[in-house]
Structure formats: C-alpha cells, structure tokens
There are 2 protein chains.
Amino acid sequence: MPLVSFQPSGKSINAKAGSNLLEAAGAAGVEITASCGGKGTCGKCIVRIASGDVESNSLGILTADELADAYVLACRTTISDTPLTVEVPEQTGRKGGKFTSAAEDSGLIRQELFPRNWQYNPLAVKWCVSVAEPELEDGLSDLDRLTLAIQKDWGKDEIVYSFEVIRKVADTIREDAGNVTVTMIREPGRSHIIGIEAGNKTENHYGIAVDIGTTTVAVQLVYLPDGSITGTRTDYNDQIGCGLDIISRINYAAKKGNLEELRKRVLTTINKLIAKLVSIHHVKPDDIYNAVISGNTTMIHLLLGLNPEYIRLEPYTPTILRAPYFTAAEVGIDINPQSWVYLSPGVGSYVGGDITAGVLCTDLATPGEELSLFIDIGTNGEIVIGNCDFIMTCACSAGPAFEGGGIKCGMRAALGAIEMVDIDPETAGARYQTIGDVKPKGICGSGMISLLAKLLLAGWIDPAGKLDRSRESEFIRVEGRSAYYLIVPADESDTGKEIVINEVDFENIIRTKAAIYSACSLILDQVGMSFADLSTVYIAGGFGRFLDLEMSISIGLLPDLDRSIFKYIGNSSLTGTCMVLMSQEFREKQLDIASRMTYIDLSSDPGYMDKYMSALFLPHTDSSLFPSVKI
Amino acid sequence: MPLVSFQPSGKSINAKAGSNLLEAAGAAGVEITASCGGKGTCGKCIVRIASGDVESNSLGILTADELADAYVLACRTTISDTPLTVEVPEQTGRKGGKFTSAAEDSGLIRQELFPRNWQYNPLAVKWCVSVAEPELEDGLSDLDRLTLAIQKDWGKDEIVYSFEVIRKVADTIREDAGNVTVTMIREPGRSHIIGIEAGNKTENHYGIAVDIGTTTVAVQLVYLPDGSITGTRTDYNDQIGCGLDIISRINYAAKKGNLEELRKRVLTTINKLIAKLVSIHHVKPDDIYNAVISGNTTMIHLLLGLNPEYIRLEPYTPTILRAPYFTAAEVGIDINPQSWVYLSPGVGSYVGGDITAGVLCTDLATPGEELSLFIDIGTNGEIVIGNCDFIMTCACSAGPAFEGGGIKCGMRAALGAIEMVDIDPETAGARYQTIGDVKPKGICGSGMISLLAKLLLAGWIDPAGKLDRSRESEFIRVEGRSAYYLIVPADESDTGKEIVINEVDFENIIRTKAAIYSACSLILDQVGMSFADLSTVYIAGGFGRFLDLEMSISIGLLPDLDRSIFKYIGNSSLTGTCMVLMSQEFREKQLDIASRMTYIDLSSDPGYMDKYMSALFLPHTDSSLFPSVKI
C-alpha cells in the first residue's frame, strides 16, 4: 500500500494500488472540490503529481500545457504501487467563469460529445497471427504463409503488402516462432498490411488526431486499444511568421520556394507537438499507425504543398476537398512512416475539414426538425446552420484576435493566460484569473471578452471601444490620440512587464466579433429565418476551458437569446477528428455531412457589408437586438 | 527525294522519304542478302547508318551493341527526308553458323514468338480527357472535375490519385484549357491515376522490360502506342564483383551492409542501360510509365533488398514469389517514379520469374498433349517439362561459363565476341567469326561450343577435355602440367593480346554442359519418360544470335535427337517479359503457368550425382546416347 502525501496540507494516507486518487484524498481528509461528482467533466479536481507514478486519463479537459506540467484530474487518476506526492492548488481561482452556470459539465475536448453508441473501428487495426513453419517443397514463400495466416482470421480478401513490410517479413516471422503482429487496413475486397512486428504487439497501438488552425495547431494522442486520450498539445502554427490570416498566407505562397517553406513550417509545428507527446508519455512514434488531420482548406493545401492560389482567385476553386489516403512518409508526419493519413473532407475553399469534423460533435450530425446553429470562432469564422432538411455553411474573416494574434499582450489559451477579468467600477482596476493560477503572461480570447464586457458595463469604455479619458484612473493611460488600459502591473506579471490592452486591440476585437455576428445574422436571412427560430447554438473555438456566455452576449459576439440554448463545445474540430480516428463509422458520417452541406459565399452578398458595419459597436448599433444588455 | 549513298560500293539513288531501305538498295544495284525475303527475321540484311536519319524497328533481332552502333536491318528501315550514307558489310562472315539450317527465321529477342492474336493492354494506359472549367459555387474541386472527366470515358469506378499527381493537378489542368493526359492503371473497381500532363501526350508512352540474370542484365525499351521495340541493351550484372554465382552472392549478402551494396550494384546496371537507351532514342525517362522485371528468385530478392539467406538454407524458403506492385521510386528504377513495377512471378527459390516469362514464349503456355522440354541455359540452368497434364521444373547450377564468366578470355555475346570457330584438322589453327565482323575481343558461349566441338571432332582434344600434346601444333602450348590453345594471335585481336582458352576453361565448360544435360535426363526419369518422348525442345539463353545445334549435340550439351524438334528462342525471359509488359492477358497467363508448375529439388535426388559424373565427358561416358556423334 503506497503512501500518498498531499501538499501543502501535509496530510497522507496509505492507499491501495489501483484505487482512485479523489477517493484517497477524501479518505485522507483533504477537501478537493468536484462539482460534477467525480464524473471527470467539471475540471475542478485538478491536482499536480509532484512525484510518483499514476495512471491518469484526463481526456483533454485539461489543456496541453497543464498535462505537460503533470496536472491531472484527481477523479480520473488511479494510484499505482509507488509512493505519491500530490499538490492540491487553492481552489479559489477556479470558481465562476464557466460558460453557463447551468452547464457544470462543460469541458474542452470532450469525449462526452461522442454519441452514446458507436463501434470502435480505427482505420488501421493490429492483429496477432501465427505463421506456419516453412516446409521443404511446399512451394510457399514467407509471404504466402503470412497471407494464409491472415486469411484464416479475416477471410479470403486479397492481401496487399507495403514494400517496407516485405523487407521485414523474413526475419520477423522467424524471431518469435511465427508469432507476428500485423497492422492492417481493410478496404472492400482487399486488406493492406502496413506493419509487421515479432510477437504480440497489439497493445502498442496509438493514433493521432491533428487540428491545423490558421493560428493554432492541436495534436491529440489516442491510445487505441481502449480509446482513451493519452494527451493533447497545442501550439501556434509556425506559419504565423508568414502572415496572420489565410489570404496573406496564400499571397506569401506565390513567391518561389515559399510554398515549400509554408509546408515545412506547419510540419515543424505538428512534429514538435508529436515529439513532446511521445516523449512525455513514453510512446514510440513507430507505434502510431493511425492519423486523422483536419484543417481549413488552405491549411490542408499548404500541408500537402498544393498551390493555394486558385482558392483566392475567383471562382475560388481548391485543388482538393476530399483527399485519398496518403502515407505519413508522403505527408511528412513523424509517426510510423507507413501509417495512412486521412484528411477530413472539406466543403469549399472557405469551409474545410475542420468544420465537417466540428459538426460531427453536434446534433447537426443526426439532424431532427429543430434548427441548430454552429459557430466556430477561429481566425476564419465558420458558420453552419441546418436541420434534417438542409445544412448551409458560410465563412467570414474573423481574424486571429481571440487566439492572441494582432493583440499587443494577446496569447492563446495556455498556462498563464488571463482567462477572466473583473473590473472595479470605481477605480477601473482589474482582478483576474489565469489558466493554472500562475502569474499572468498575457490575455487569451475568453479574457479579452470578459475584459471588454466588464469595462463596457462599468462605463470605462464606450460602445465604440474608446476608453473613458474624462474620469481619473491610474489604469487608463493616454498617449497622444490613443489610450491604453493597464491590466497587470509589471511586478505582478510573469514576464516582469506590464500587461496592457490598447484601443487598437479593442478595434481588432470588435472587428472580430462583428464579423462573426453579422455572418450568423446573414446566413439566417438567407434561409429565411431569424435568431428566434434557433433551438441550439453550438459555440466552438480555442477559448480554453471557459467562454463567458453573458459577457459574449454583452459585447455582441453572440446573439441575445435564451441562455439555455447555447452549448460551448471547445475545440470541436479536434474532438470530431478524434472521433474519426477512433471509428470509421464517424468517417462515413462526416463524408455524409460534407456531401449534404451547401456553401454560401458571403462576400458576394450585397447585404453583408451593411450588417458588418452595424455590428462594429458594443453590443450593436441597434441596441434593440440586445434587450438584456444594460449599458 | 533524299540521296541515299551505299558504301563501300559508292552506288547511290534518290529515294522517296518513307520508302524501304532494302528496296532502295535493290534499286541502286546494291546486293544485300535477305534470305527471309525481307520479313525481318533472318537478320542477314544488316547495314550500318553512317550518317542521316532513318526510322527503324529492328525488333531485337540485332544485339544491343549492334543497335547502339547504328546497325539496322535494311528490310525494317524506312528512309526519312535527310540524305543518307549506308555502310554495307561484306556478307561472307554472315553465312552458316545458324542454329539449324532449316530455321532461317530464327532470331534473338523475337516478337514472332508472340501468339498471333492478343489484346494490347499494358498495365498503365495514357488517356486524354477534357476537364470542365471551374464555376463559382459549383462545389467541385479541381480533382472532382478531373474525376468526372475520367469517369465520363471509363465509367464510375473509384479514381485514386497519387500524391504527386495531386500536387500537379491545379496548374496542369489550367495550362491547356482543361486538356490533360492522365496515366491510369485500372484495377477491379478502381483506377489509379499515376501521371498527369497538360495537353495530349498519349504518344509519349514507353515501357521497359528488364531481365536480370546472375551474369547478364538486359533492358528493352518498348514504344507502347504501337508495341514496337525501340531498343535493347545488355550488360554484365555489376554484382559479378561480389561473386559469380547465386550461392556466392547470398553468402556475400550476409555481411552487414552488403545486401544494400548488392541492391545498388544491380540498380546501377539497370539504370545505366536505361540511361543509354533513353539517350540514344531521345526518350524522356518520365515518359516510361510501365515496367516489368523478371529474374531468378535470388536476383529479385537482391533487387528489392530482401534478405536472401533463407533461399540458401533448408527448407529453401524465399520471402516472396509473387510480389505486389511497387513504384519505380520504391524499387529505385530511373523511369517515371510513379510508374508501377511488376515482377514476374516465381515458382520456388531456384525457379524464378525469368522462367515463367520464358515459358510464356513456348507451347508450354498453351499446352496440348505433346511433351515439351524447355532449357534455359544461364548461370543457373532451369529445365521445364510438361504438357496439358502437368508442368514440372528443376534447376541446376550450370555456372557462368557460357556468359564468359570464369573463362580466361570469355565474354558475353556482344560486339567483337567470337561466336563461331572452324578448326584446320591438320594444323589445329582456327578460323573464326565475330559478332559485328570486327576484330575479336574474346569468345562467347556459342563460340566456346563451336570451338570445343571442332577441336573434339578434329581430335585435338580428347573426351576428357585435354589438349593433344602428342601432335605438333603452334596453337597448342604446354605450361607445366597444363596446356592452352591459341585462338587469335595478339596482332589480330582487338586488345592486342592473344585470345586463348586453357584446360581449366575446358573443364568449366564441360561441367556446365554436364549440369544441363544431367538435369534434363533426371527430370525425364522423374516423370517416367525419356528424351525419345519429346515433341519439342526449346533452348533459351544469351548465346547471341546463333547457337550451333550440331556442335551443341557433339559436346553432349543437348541430347542427340531429331534436329527438327529443337527451337532456339534466345533470351526468352526478356521476350516473355516484353509480352507481359504489352498485355495483361500475358500477365494472367504467366500467373497461371506459375501456379501450375511443380518444383523438383534435384539436389535431394540420389541419382543426380551419378548422372552428372557420367556427363563429364565429351559427349558422354555412354557414347550410345549420342549415336550421331562420330569422334
């Protein structure tokens, strides 16, 4: 019975190997909040494993950086047979800030978005077979005997071997008396053998789900034998150095050599994230035999080195929307080079596989008569609306503000990001909360929304986003024609520098929210409906764990509707990608969604610019659209 | 009307462009022998194009080196619109020496071995399609529109694109108003697109047939639109530096790094031959989209970098006998890297795809009740016997003697090789004939057979292969216990050195012929038949244009049977490989042959050594087996 010590209280208990860490804490008298009751969804029972080994499945509720820093959810952690030191953070910073107070179980990359019933069926499966000994004059080659062994279990389908497998067959089948594990991909009428290992290696079987955003890239490592998420890592897309948005990337790609540079940059980002995951979790890259990648159409073109020019030029034609399988070696992903890589299908030049993956997590995937709206807030904002009769989609150029791009002290939702702010109405001073409760490094999207709304509600900025220069505040500073707001003084910040936000930043954020809101409004117009007709609004995006619904409505990012119809589903592209990774059932459903979606080009709609201009106010020029927002 | 001049006669004529060169020679009063009547099969109307351009299809009747040196068959050559200088060699050296006097039309690599009726159907076909223009909001990617264009002509099969094609699609379909040529491979239910070019490029379509022998490698370039042979080149397998026979190569491969060296050596040979062919014939390697390779099982393993060790060790198990398709890039062949490479199927560790390709040129491919014997005389000798009821095969280690290996002045059948010898019974002096009628460089297999037989018949060597030291001759020289025979004095040879053959060489040649004869005899025993039961005997091998039947029987290489049942079919492996290249009909027939063949392991037969020892005499220890040979 290993000793489990909790810090800073110093309490400890001898717990059984295999017992639950949250329960052990309770038995030791250590109070850990778990408002979901230990279901692993509220994310409140976060603790840090300072020393010792545990088995944990935090399912992506925690951010990648938290996981990397040994944070786990106590309720999802099993004690092993080594002594354990557990740090219990103060819980104060973790209250409030949730997307809706009712939705206690909202998380980030969430396996609970999976439908209840589905068949585990990844593209590549591992299977152990026993190959017969060679016999004199039986006329069978090594490959013939291996084929017979596979066909005995899987039927008479044609067996196709990759070159690398053939090169290993002779020695591998002789290493462990004919016992080999093959990695196979089954297609109608034929099975492809893409891996062979001596002995039973079916337990060494991982997959990766990759979401390539214009600004942020996320990689999730999945342990396929039980479908659990081993870990998730996110980082900025290294292509940012070549332009912040899609159009500037396409323009950059036009010069000789630049397309290849862009390809290498995104591969560098992906491969670094994979390298971190496999290193932390002690996984061999060669054991990763499944990969699914989603991204907007331009990101996929750049990943494959395809000329993106025709995406930008009328009639906006991409080279591919549905790609065949490529090998990891062809694409350049550092997993088993024989692994097939599947790319989520796109719908148009501006609605890509990230959206078909995201929609997979919503009721739009199994539509009834009720109308649903799906909003993916990224550097490109994509909107999907539909029910059983139709699915329509459009895109708008939101910009990277909510991911920290183009904002002076902006950052993505990672450790140290300010994710929630309160404003003292008298002094304008900020109280803030950071991801991980560490010293602040910058402000992420959810923090910006919170800050902007609170300053607005307290009257420190006006509906045009200008700071109030008329009232005295040590936090508002004027420099020439512009002013900025001090969120964190230098001595409190992690970097030793002030964390500020200026009026140019406010303009950026307002343009972003205006683009999203007006796109939603326009697509409803186009289908002859209004916001009031909506039964559900799904919000997807990389805001971290929380998105403050009230504040999002207050600044006019989201429409002023009954709060209960909103569902924040985090990085739904990554969740959907992970679903496709785990089961071909989801892959087929995603293909069906893609084929049913109709793309609308907003830029050709004469009403768009009017709607956009009207939305460049907080919350809107037409305040009657936001009756519950009192300024 | 271009002027055509004939040398050395100086006669000339103004001929029409497009007219036949043999006819033009006749009109100019230049006598050129064409005993087959201009059918292109006798090989006698050989001339050399000293200057000017012609269109010629010499169909492999000429050796690769002859073709490279601008020799053509006049009957198969069409005059173009440039002035022409034609060298007409003296015809004397070309008389006699044919395999049988009756078979005037015997050649080397011979398209006339093809069955009369067959369907042109190479693996990869080129097809020109017209891709529709992109339209706004049609929801179709470039690839979608290309797929629709292909499916319009070829039906609704799934279309699978290679990565390299996808990378080129966008720019290629916009280059010539949507007209593109795709290179496609059709499989049941799906077509693979492995190439795309702007405009109609269906005329740029070549294939290569490759025969990898232990000693000699041959590459044939085929123009697929009309199935004509553009050229053929042969060279020594560069692996010779690592051992002369299969077993020594396998032993060599066992040391670290050596397997890769062997792979690179044979690739170097193949790629040099391809480079020569494409350079001479002005073909772009990227226009070669079809490749078929045949070789013995060890050669194929070494080409693919597969460990050959288990071929040598009981129970003699190869890694593969039937390979899936690989790409040229995977194998390392310098043609279009997307080209699929097909490997002829093998039967066992010692009967490979070269034999199934060779049998394809014989009546064994469409067997009736009559019994046929197929003998492929190479470094490994392979024997096939069968009729409609059965096909059996065995192999013997003949050694590389007939290809020049292990023989002091030996060489393969190339320009300057002594291919026929006459002996003056009195002086023992030699008169010889070389390939190309140039100064002699060495002696090839057919020359060795001729020389050995003539010395035997004239009494200058005894049935054990020892030179007669009792009679005086300036051509027989004794050094210690051994003696050698002077074929060509130093001042007559191309190298300036004497061309000789010694008693160790004779022993080598006798061992080779004994291995072949005893294997034939044993396989007949095993099926309960005798030489007298045979209806046809096919002789295959790289002897150059001719193999002297009488002389082959005189030394006991071939059985003493009615001469009319023998058919010399040259490099049948290359011919069969070329057939498979041109039509999938032959590929299927070859697979059927391979599956019907039963392999017999001679080494396990207790009678083999007795038969072999008895055959180590000229013609045989039992002279009653060779009644027509009078010594």
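The values are calculated or read from the model by the stated rules, or taken from the named source; none is laboratory data. These figures come from a predicted structure and were not determined experimentally. Don't worry about glycine lacking a Cβ; one is built from the backbone with ideal geometry, like all the others, and counts go over all protein chains shown. Heads up: the accessible areas ignore ligands, DNA and RNA and are worked out on the full protein's heavy atoms, side chains in. Shrake-Rupley method; radii C 1.70, N 1.55, O 1.52, S 1.80 Å.
Taking only the alpha-carbon positions of chain A and ignoring solvent, what does the Debye formula give for the base-10 log of I(q)/I(0) at q = 0.09, 0.11 Å⁻¹?
Log-scaled intensity ratios, in q order: -0.76, -1.10.
May I have the convex hull volume per residue, in Å³, for the Cα set of the range A:165-222?
Normalising the Cα hull of the range A:165-222 by residue number yields 127 Å³.
Enumerate the whole-percent occupancy of each 5 Å bin, from 0 to the last occupied one, for all C-alpha pair distances of the range A:382-472.
3, 14, 17, 17, 16, 12, 9, 6, 4, 2, 0, 0
Determine how large the accessible area of A:GLU187 is when every protein chain is in place; take a 1.4 Å probe and give Å² rounded to the nearest 10.
Rounded to the nearest 10, that gives 40 Å².
What FRET efficiency comes out for the pair B:GLU479/B:ASP610, r = Cβ-Cβ distance, R0 = 51 Å, nearest 0.05?
Here the calculated transfer efficiency is 0.90.
Excluding residues fewer than 8 places away in the same chain, name every one of the aspartates and glutamates whose C-alpha is closer than 13 Å to that of B:LYS276.
B:ASP65, B:ASP69, B:ASP235, B:ASP334
Any idea of the accessible area per residue across the range B:567-631, 1.4 Å probe, to the nearest Å²?
42 Å²
I need the inter-copy label distances for A:ASP533: point set 7 Å along Cα to C-beta, values in nm with one decimal, smallest first.
So the distances to the same position in the other copies read 8.7 nm.
Can you give me the three principal axis dimensions of the range B:207-267 from its C-alpha atoms, in Å, biggest first?
Computed over the range B:207-267, the largest-to-smallest principal extents equal 46, 18, 13 Å.
At a 1.4 Å probe radius, carbon and sulfur cover how many percent of the accessible area of the range B:493-606?
47 percent
Using only Cα atoms, tell me the angle between helix A:142-154 and the longest principal axis of chain A; keep it within 0 to 90° and round to the nearest 10.
In chain A, helix A:142-154 runs at an angle near 60 degrees to the longest axis.
Given axes a ≥ b ≥ c from the Cα gyration tensor, I'd like to know whether the range B:282-381 is rounded (a/c under 1.5), prolate (a/b larger than b/c) or oblate.
oblate
For the range B:461-620, take every pair of Cα atoms, bin their distances at 10 Å starting from 0, and report each bin as a whole percent.
9, 26, 31, 21, 11, 3, 0
Could you please put B:PHE114, B:PHE6 in sequence from largest to smallest accessible area, using a 1.4 Å probe?
B:PHE114, B:PHE6
Longer than 27 Å from Cα to Cα, which of A:LYS168/B:LYS255; A:LYS201/B:LYS264; A:LYS454/A:LYS567 are they? Say none if no pair is.
Result: A:LYS201/B:LYS264 exceed 27 Å.
Relative to the compact globular guide of 2.2 N^0.38 Å, what is the alpha carbon radius of gyration of the range A:208-336, as a ratio?
Normalised Rg, Cα atoms only: 1.08.
Put a dot 7 Å past each Cα toward the Cβ at B:THR598 and A:TRP154; how far apart are the dots in nm?
3.3 nm
Determine which aspartates and glutamates satisfy two conditions relative to B:LYS441: a Cα distance under 13 Å, and not lying fewer than 8 residues away in the same chain.
B:GLU419, B:ASP491, B:GLU492, B:ASP494, B:GLU498
Taking amide H positions as placed in the peptide plane 1.01 Å from N, state which residues far from A:MET420 in sequence (5 or more) or on other chains have amide H under 5 Å from it.
For A:MET420, the qualifying residues are A:GLN433.
If the range B:171-283 were replaced by its equivalent ellipsoid, with semi-axes equal to the square roots of 5 times the Cα gyration tensor eigenvalues, what would those be, largest first, whole Å?
Equivalent-ellipsoid dimensions as semi-axes: 36, 18, 13 Å.
In Å², nearest 100, what accessible area do chains B and A bury in total when the solvent probe is 1.4 Å?
In total, this chain pair buries about 3600 Å².
Taking each residue in B:186-192, count the Cβ atoms of any other chain within 10 Å of its Cβ, then average. What number comes out?
Rounded to a whole number, the mean comes out at 2.
What angle do you read, to the nearest 10 degrees and between 0 and 90, between the alpha-carbon axis of helix B:445-457 and the longest principal axis of chain B?
Approximately 20 degrees, to the nearest ten.
Can you list the residues, at least 5 places off or on another chain, whose amide H is less than 5 Å from the amide H of B:GLY231, using H built in the peptide plane?
Under 5 Å from the amide H of B:GLY231 lie the amide H atoms of B:LEU221, each far enough along the sequence or on another chain.
How do B:TYR538, A:TYR252 rank by accessible surface area computed with a 1.4 Å probe, from largest to smallest?
In descending accessible area the options line up as A:TYR252, B:TYR538.
Using a Förster distance of 30 Å, how high is the FRET efficiency between B:ARG563 and B:ALA464, based on the Cβ-Cβ distance and rounded to 0.05?
It comes out at approximately 0.65.
In nm, one decimal, shortest first: how far is the label point of A:GLY10 (7 Å from Cα along Cα to beta carbon) from the matching points in the other copies?
Listed shortest first, these distances are 12.3 nm.
Can you sort B:ARG587, A:ARG322, B:ARG481 by 1.4 Å-probe accessible area, starting with the largest?
Largest accessible area first, the list is B:ARG481, A:ARG322, B:ARG587.
Using a loss threshold of 30 Å², tell me which positions in the range B:111-159 are less accessible in the complex than in their chain alone. Probe radius 1.4 Å, ligands and nucleic acids ignored.
The answer is B:PRO134, B:LEU136, B:GLU137, B:SER141, B:ASP142, B:LEU143.
Along the range B:267-279, what does the Karplus equation 6.51 cos²θ - 1.76 cosθ + 1.60 (θ = phi - 60°) give for ³J(HN,Hα), rounded to whole Hz, x for Gly and Pro?
Here the 3J(HN,Hα) series is 5, 4, 4, 4, 5, 5, 5, 5, 4, 5, 4, 5, 6 Hz.
Once the label point is placed 7 Å from Cα along Cβ, list for B:ARG481 the distances to the corresponding points in the other copies, in nm, shortest first.
Nearest first, the other copies' label points are 11.0 nm away.
If you place +1 on the Cβ of every Lys and Arg and -1 on the Cβ of every Asp and Glu, how big does the dipole about the Cα centre of the range A:227-284 come out, in debye to the nearest 20?
180 debye
Bin by bin, in steps of 10 Å, what percent of the Cα pairs in the protein assembly as shown do you find, going until the bin that has the longest distance?
2, 8, 14, 17, 14, 12, 10, 8, 7, 5, 3, 1, 0, 0
Given the Cα atoms of the range B:113-227, and with Rh set as the inverse mean 1/r over their pairs in the Kirkwood sense, what is Rg to Rh to two decimals?
1.07
For the Cα atoms of chain A, what angle does the longest principal axis make with the long axis of helix A:584-596, in degrees from 0 to 90, nearest 10?
Its long axis makes an angle of about 50 degrees.
Which of the lysines could a cross-linker bridge to A:LYS16, judged by Cα under 22 Å and excluding same-chain residues fewer than eight apart?
A:LYS39
What number comes out for accessible area per residue over the range A:183-309 if the probe is 1.4 Å? Units Å², please.
So the range A:183-309 comes to 33 Å² accessible per residue, rounded to a whole number.
Could I have the simple spin-label model distance between B:ARG431 and B:ALA275, label points 7 Å from Cα toward Cβ, reported in nm to one decimal?
4.3 nm
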